[in-house]
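Scroll down for the structure; my scribbles are underneath it.
The values are calculated or read from the model by the stated rules, or taken from the named source; none is laboratory data. These numbers come from a predicted model, not from an experiment. Neighbour counts run over all protein chains shown; Cβ positions are idealised from the backbone, glycine included.
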Amino acid sequence: MGSFGNSRTSLMWAIAFCAGFLTFFGPGVDALGQEAAPAMPMPEGEHDEHMNMAMLDIEVDVNDAMRVENVTGGAAPTVTAGLKRSADGGWDLSLTTENFVMAGHDAEGPHIPGQGQIALHVNGAFVAHLMGTSHHLDPLDEGVNEIALTLVTIDGRMYANAGVLAMERFSVLVLDRDPKPDAPKASLAVDVVDGMEPETYRINQGDLAEMRWTVASPLVIHLHGYDVAAQALPHAPLIMVIEAYAAGRFEIMSHSDEGELNPLIYLEILP
């Protein structure tokens with residue numbers, strides 16, 4: 001049976017800035033989310049019509065100093081985030097940073113090492129620069145939603161540690177069901193490597209499952225049965241969040257750009 005925990009990889013991430021602001025879902029979407037994100041082609045396969053997906057579709061060199069501030073070693077700023085369902089149907093974010101000093105909402109000017117803001121995007125639209133250690137999100141749309149938290153410099157660039165972006169990205173499946181704010185959280189971490197043999201991970205029905213994925217190449221991660229998928233990219237972990245409402249044994253597969261389908265793990269949800 002697979003083990004639970006967290007993992008990270010030192011890899012490149014694709015992302016872009018538009019006029020100094022973050023944009024997550026393709027060219028033409030400004031920081032206020034004034035234009036809809038372009039659709040990304042679905043992977044070929046018999047399950048295509050069943051999958052809800054939240055994906056990114058832009059590329060940028062994270063070693064470009066005009067867009068990314070790379071800091072190496074123990075001084076690199078980091079952010080970690082927790083996500084919990086709230087009683088009103090929304091979501092509560094909890095934030096922890098290291099080696100990072102939050103500047104004001106309207107801070108501008110030259111770069112000051114280790115200072116900046118936490119940029120929050122939901123489904124490609126800029127929501128706010130967060131200044132505290134917590135934030136409440138109103139109820140999300142039914143289906144798959146993308147939440148991204150990114151450390152940015154005062155002069156509008158992204159922080160990274162040797163090419164690994166200082167960010168947390170959640171892909172959240174929202175169901176048309178009453179919220180369960182006190183649901184136990186089940187966390188697991190999976191590193192996708194070539195030739196891996198599928199392991200079985202077990203959680204309980206009713207858990208809020210938080211699955212962190214790290215990959216060496218772009219993959220679409222597809223949870224069968226729940227028919228939810230999200231794109232995992234090699235630049236930062238993908239955290240897939242689902243409410244485990246249905247018991248059973250479910251296969252999680254990868255869909256590559258070449259159309260290959262591979263089983264990654266089995267998720268057993270125990271009644």
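Here are a few things to note about the model shown:
- Selection status of G82, free of Cβ contacts under 8 Å to residues at least 24 places away in the same chain and either among the small types (G, A, S) or not in a strand (DSSP E or B) (or both): yes
- The numbered conditions (1) modelled with pLDDT of 90 or more; (2) buried (at least 23 other Cβ atoms within 10 Å of the Cβ); (3) aliphatic (A, V, I, L, M) are all true for L219 except (1).
- All of A232, A244 fail the test of being touching a strand residue (DSSP E or B) at 6+ places or on another chain (Cβ under 7 Å) and buried (at least 23 other Cβ atoms within 10 Å of the Cβ), apart from A232.
- Filtered by the rule that a residue be among the charged types (D, E, K, R) and buried (at least 18 other Cβ atoms within 10 Å of the Cβ), segment 77-97 gives a lone residue, R85.
- Of the strands (runs of 3 or more DSSP E) lying entirely inside segment 150-213, the ones with 3 or more residues being surrounded by 21 or more Cβ atoms within 10 Å (Cβ to Cβ) and touching a residue at least 40 places away in the same chain (Cβ under 8 Å) are found at 158-161, 167-174.
- Selection within segment 91-118 - touching a His at 6+ places or on another chain (Cβ under 6 Å), modelled with pLDDT of 95 or more and part of a loop (DSSP other than H, G, I, E, B): none
- Residues that are closer than 26 Å to W91 by Cα and either under 21 Å from the mean Cα position of the chain (by Cα) or among the aliphatic types (A, V, I, L, M) (or both) within segment 244-271 comprise A244, A246, A247, I252, L267, I269, L270, listed in sequence order.
- Residue within segment 236-243 that is of a type in the set (G, A, S), under 16 Å from the mean Cα position of the chain (by Cα) and farther than 17 Å from M196 by Cβ present: yes
- Residue list for segment 98-129, filter: of a type in the set (A, V, I, L, M, F, W, C), surrounded by 14 or more Cβ atoms within 10 Å (Cβ to Cβ) and touching a residue at least 24 places away in the same chain (Cβ under 8 Å): F100, M102, A103, A107, I118, A119, L120, V122, A125, F126
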